[in-house]
Amino acid sequence: MNKFKTFLAGHGCGPRAIVSTVLMCTKQIFDGGILCIAGGYLVSAVQFVMLVFIWTALDREGAGLGGMTLNQLMTYTLMATVFHQELNIISPATSSLWEGSVIGRFTRPVPVPVSFIAETIGRWWIPNFLFFGLPLLIISPFLHVNPAPADSASGLMAFISLMLSASLGFALDLLFAAFAMFLKNGCWAAASIREAAFSLLSGEMIPFALFPWGLDKFFSCLPFGSIAHAPLTIYTGMAASPFRTIGLHLIWNVILWITAAMVFKKSKERMISFGG
């Protein structure tokens, strides 16, 4: 019984503390009732349906889809909606500064960045997939949207790319948290800048193939483009060279994690004083 209590409290060895944090955050998301999270799911569902109508209308009118077929575009939009939380990483890193709760994370038996990652998985990834993503995948064929990858190899490489995208997203999130720290009371300004940059540069909502003047090649080489555009194009079979795309993933991961680790380490003292 004591060991079980220790596990639930998040104390003990690192892996147990991480799993405990994930499970507790998953449970806490329902403390206010299902209506607390149903609103976000409804907005995502409406956005998905609207995009499906828009792509269908454009195809019916003979508009160019950037070399994509309607089926590819539909699948791209579906998977972008299902894995929105994994592609658009927003951990508690920035909000904890505003709330002052960041100081408590330094007393946990896991590194602070790992704590942010565990909380994000428990609070957003698991509930979002179980109560929104999975049902949407099940009903998507009734909306004439194919949820399957282009082929099994594309599905496997897209999964690898998705894991690297999530890793890259957490690195960028830590960098924006450090940026928010330097803004002091500008935490929400930093969050707004991040959201605007992601919406424009990630290709999650609008595929880069639909961009004019050859901007798709430029944006696909940027870190934000590697987060959403890369796994989605691999999954739908639109990536010209999946191995090159994954290689670019790895390069950005190395560069940004080294940068994020250095910036976060230098920011710890100021972050604690601001959060406390």
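The values are calculated or read from the model by the stated rules, or taken from the named source; none is laboratory data. Bear in mind the structure is a predicted one, so any value in this text is a computation, not a measurement. Every residue, glycine as well, gets a Cβ built from its backbone with ideal geometry; the counts of neighbours run over all protein chains shown. Side chains included, ligands, DNA and RNA excluded: accessible areas come from the protein's heavy atoms. Shrake-Rupley method; radii C 1.70, N 1.55, O 1.52, S 1.80 Å.
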- Here are Pro141, Pro109: which of them is in contact with a His (Cβ under 7 Å, 6 or more places away or on another chain), more than 25 Å from Leu250 (Cβ to Cβ) and open to solvent by 20 Å² or more (accessible area, probe 1.4 Å)? Pro109
- Out of the residues in region 217-233 that are open to solvent by less than 90 Å² (accessible area, probe 1.4 Å) and either more than 17 Å from the chain's Cα centre (by Cα) or without any contact (Cβ under 8 Å) to a residue 12 or more places away in the chain (or both), which is farthest from Leu70 (Cα to Cα)? Cys221
- Note on the structure: Of the conditions (1) open to solvent by less than 70 Å² (accessible area, probe 1.4 Å); (2) aliphatic (A, V, I, L, M); (3) more than 14 Å from Val22 (Cα to Cα), the single one that Ile160 does not satisfy is (1)
- Note on the structure: Pairs returned, first residue in region 122-135 that is closer than 20 Å to Pro92 by Cβ, second residue that is open to solvent by 20 Å² or more (accessible area, probe 1.4 Å) and not in a helix (DSSP H, G or I), beta-carbon separation under 6 angstrom, 6 or more apart or interchain, are Arg123/Ile29; Pro127/Ile29
- Any residue in region 55-67 that is free of Cβ contacts under 8 Å to residues at least 24 places away in the same chain, in a helix (DSSP H, G or I), crowded, with 18+ Cβ neighbours inside 10 Å and within 24 Å of the chain's Cα centre (by Cα)? yes
- Under 8 Å by Cβ, and 6 or more places apart or on different chains, what pairs join a residue from region 184-213 that is at pLDDT 75 or above with one that is in a loop (DSSP other than H, G, I, E, B) and open to solvent by 70 Å² or more (accessible area, probe 1.4 Å)? Ala209/Gly67
- Working carefully through the options Met74, Met68, find the one that is modelled with pLDDT of 80 or more and in contact with a Pro (Cβ under 8 Å, 6 or more places away or on another chain). Met68
